[in-house]
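Report on the structure given below.
The values are calculated or read from the model by the stated rules, or taken from the named source; none is laboratory data. What you see is a predicted model, and the numbers here were worked out from it, not measured in a lab. Cβ placement follows ideal geometry from the backbone for every residue including glycine, while neighbour counts extend to all protein chains displayed. These accessible areas exclude ligands, DNA and RNA; they are computed on the full protein's heavy atoms, side chains included. Shrake-Rupley method; radii C 1.70, N 1.55, O 1.52, S 1.80 Å.
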Amino acid sequence: MLALRLLKAYLAWFFAAFLLNGALAESLLQDGLLLVLCCVALSHYLKAAESKLRLGPHWWSWAWRNRTHCLIASAYSWGWARFLSPPTAVRVLRAAAPLNRPLNIATMLLELSPLVAFADRWALVAALAATVLFNVVVVLASGIFFWENIAANAALAITVAAWPRALFGLSALPLALPVLVAAVAGWVWQPWPLGWWDTPFTARVRWEVRTASGRRLGLYNGFMCPYERDFGRVLGYFLTREPVVHGHLGTVFDHHLRDRILTADADPSTLSGIKRDDGHVHADATLARKHLDYLSATFTALNSGASKGPLPRRLRWLKAPGGQLFRWGDLPSYRGEEPVTEISIHYEERYYRSAVGEFVTLTDRLLHRLDIPLSVPRPARSADEKNPR
């Protein structure tokens, strides 16, 4: 949404300039536009800081107590960077665990930086560049790729650094701060409150295929893109009646629930009690039926020779990258190399035990199995079709 809001702000600003009809100098309009665009971009990070300050019993609770390395563990369980062996992933997690507090504090300082960034041109450049670095760290740690934010903030940082006039200074703060505060309050636009507690427990829905040669392969969101949020996020929960206690990548918003999950330490009975007390069932028979029909129709067409995308294979690199890079799993990836005869949908639960450095699979249950025909015969042509007049 950050990139879309920048575009909307750009268009709205020039519409306002048209209504003013030259009442303000062109240079002042351009300076004001750049200031507003920087406010739009940085407000998303200030909103995230505000939501983290509200999470725990104290304003400093998230920075001091969140176990950020659990985000890496949950992302690995979900399907990010599974080309790393489990022992290698455990070594990465053990190296990251002592950095929880320094990383949390650095995150909070970065997200609060918009409050002072407009006081100096180079402070603003540094704040925008820091968001670019921050988003690169996020994709490396979790597979969540905010590539639009990276591109937009990098472009803004370069523009501010090269701007010919000294627009930003102490005089800009009274202009920027009300806009930032209004955005955080949700009065002008509504940045998403990206604040949560990370836990080592993940429950997710995953998809497998069986090919004509009998191979079992994982059906990941890299192949199903642009439906990557169905096949790489929480949207598959409508296929199961299992209570779910967390959001994407094991995240929760209540510190008591977070503490209970951490204390459970992969004990199935304790986690069952947590799910019973705090879980929510997302099952939806209508959505499930539509999803199964979609899979059946799509793979029947692919088996019959339909193309997966409008571009030839050698040009598919031209499409925009996905935002959820959960393209790996326990099985090799299905890439469309041969027809599919069966699709199976599973519900699984995993837990990362930090104390012993172990990934534990608690549940792996079949939800649905679909048989896919290898091909659909074309209807026979009538005599009139064979011999048209």
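Assess whether Leu128 counts as being in contact with a Cys (Cβ under 8 Å, 6 or more places away or on another chain), within 17 Å of Val36 (Cα to Cα) and among the hydrophobic types (A, V, I, L, M, F, W, C).
Working: in contact with a Cys (Cβ under 8 Å, 6 or more places away or on another chain): yes; within 17 Å of Val36 (Cα to Cα): yes; among the hydrophobic types (A, V, I, L, M, F, W, C): yes.
The answer is yes for Leu128.
Out of the residues in the stretch 44-57 that are among the hydrophobic types (A, V, I, L, M, F, W, C) and open to solvent by 20 Å² or more (accessible area, probe 1.4 Å), state the one that is nearest to Val188 (Cα to Cα).
Residues of the stretch 44-57 that are among the hydrophobic types (A, V, I, L, M, F, W, C), as a first pass: 46, 48-49, 53, 55.
When the remaining residues are screened for being open to solvent by 20 Å² or more (accessible area, probe 1.4 Å), the result is 53, 55.
Working: Leu53: 21, Leu55: 23 Å.
Taking the candidates together, the pick is Leu53.
Please go through the stretch 259-311 and pick out each residue that is surrounded by 13 or more Cβ atoms within 10 Å (Cβ to Cβ) and basic (Lys, Arg).
Those that are surrounded by 13 or more Cβ atoms within 10 Å (Cβ to Cβ) and basic (Lys, Arg): Arg260, Lys275, Lys308.
Filtering the stretch 265-285 down to residues that are in a loop (DSSP other than H, G, I, E, B) and in contact with a strand residue (DSSP E or B) (Cβ under 7 Å, 6 or more places away or on another chain), which residue is farthest from Glu349 (Cα to Cα)?
Filtering the stretch 265-285 down to residues in a loop (DSSP other than H, G, I, E, B) leaves 265-267, 279, 281-284.
With the extra rule that they be in contact with a strand residue (DSSP E or B) (Cβ under 7 Å, 6 or more places away or on another chain), the set shrinks to 265-266, 279, 282.
Details: Asp265: 13, Ala266: 10, Gly279: 14, His282: 16 Å.
Per the criteria, the residue is His282.
Among the residues of the stretch 257-311, which ones are touching a residue at least 12 places away in the same chain (Cβ under 8 Å) and of a type in the set (Ser, Thr, Tyr)?
Correct list: Ser296, Thr300, Ser304.
Tell me which residues, restricted to the stretch 131-169, are open to solvent by 30 Å² or more (accessible area, probe 1.4 Å), over 15 Å from Leu2 (Cβ atoms) and either assigned to a helix (DSSP H, G or I) or modelled with pLDDT of 95 or more (or both).
Listed by number, the residues that qualify are Leu133, Val136, Val137, Leu140, Ile158, Thr159, Ala161, Ala162.
Scanning the stretch 175-228 for residues that are part of a loop (DSSP other than H, G, I, E, B) and among the β-branched types (Val, Ile, Thr), which turns out modelled with the lowest pLDDT? Reasoning before the result, please.
Taking the stretch 175-228 and keeping what is part of a loop (DSSP other than H, G, I, E, B), we get 185-196, 198-200, 212-215, 220, 225-227.
Remaining after also requiring among the β-branched types (Val, Ile, Thr): 188, 199.
Values: Val188: 90, Thr199: 96.
In this case the residue turns out to be Val188.
Among residues belonging to the stretch 286-316 that are polar (S, T, N, Q) and not in a helix (DSSP H, G or I), point out the one that is modelled with the highest pLDDT. Outline the logic, then answer.
Narrowing the stretch 286-316 to residues polar (S, T, N, Q): 286, 296, 298, 300, 303-304, 307.
Imposing the further condition that a residue be not in a helix (DSSP H, G or I) reduces the set to 304, 307.
On the way: Ser304: 92, Ser307: 86.
Taking the candidates together, the pick is Ser304.
Is there a residue being on the phi > 0 side of the Ramachandran plot and not β-branched (Val, Ile, Thr) anywhere in the stretch 187-204? Give the derivation first.
So the first thing to find is which residues in the stretch 187-204 are on the phi > 0 side of the Ramachandran plot, and the list is none.
No, the stretch 187-204 contains no residue that is on the phi > 0 side of the Ramachandran plot and not β-branched (Val, Ile, Thr).
Taking the condition in contact (Cβ under 8 Å) with a residue 12 or more places away in the chain, in contact with a Cys (Cβ under 8 Å, 6 or more places away or on another chain) and either surrounded by 13 or more Cβ atoms within 10 Å (Cβ to Cβ) or within 26 Å of Ala212 (Cβ to Cβ) (or both), does Gly322 pass? Walk me through how you get there before you give the answer.
Working: in contact (Cβ under 8 Å) with a residue 12 or more places away in the chain: yes; in contact with a Cys (Cβ under 8 Å, 6 or more places away or on another chain): yes; either surrounded by 13 or more Cβ atoms within 10 Å (Cβ to Cβ) or within 26 Å of Ala212 (Cβ to Cβ) (or both): yes.
Criteria met by Gly322.
Has the stretch 58-70 got at least one residue that is in a helix (DSSP H, G or I) and surrounded by fewer than 17 Cβ atoms within 10 Å (Cβ to Cβ)? Break it down into steps so the answer makes sense when it comes.
Here is the first cut: in the stretch 58-70, the residues in a helix (DSSP H, G or I) are 61-65, 69-70.
Within this subset, residues satisfying the condition of being surrounded by fewer than 17 Cβ atoms within 10 Å (Cβ to Cβ) are 61, 64.
Checked the stretch 58-70: at least one residue is in a helix (DSSP H, G or I) and surrounded by fewer than 17 Cβ atoms within 10 Å (Cβ to Cβ).
Restricting attention to the stretch 231-258, report how many residues are charged (D, E, K, R) and either buried (at least 18 other Cβ atoms within 10 Å of the Cβ) or under 17 Å from Arg350 (Cα atoms) (or both). Explain how you work it out, then say what you get.
Within the stretch 231-258, the subset charged (D, E, K, R) is 233, 241-242, 254, 258.
Cutting the leftovers down to either buried (at least 18 other Cβ atoms within 10 Å of the Cβ) or under 17 Å from Arg350 (Cα atoms) (or both) gives us 233, 242, 258.
The number of residues fulfilling the criteria is 3.
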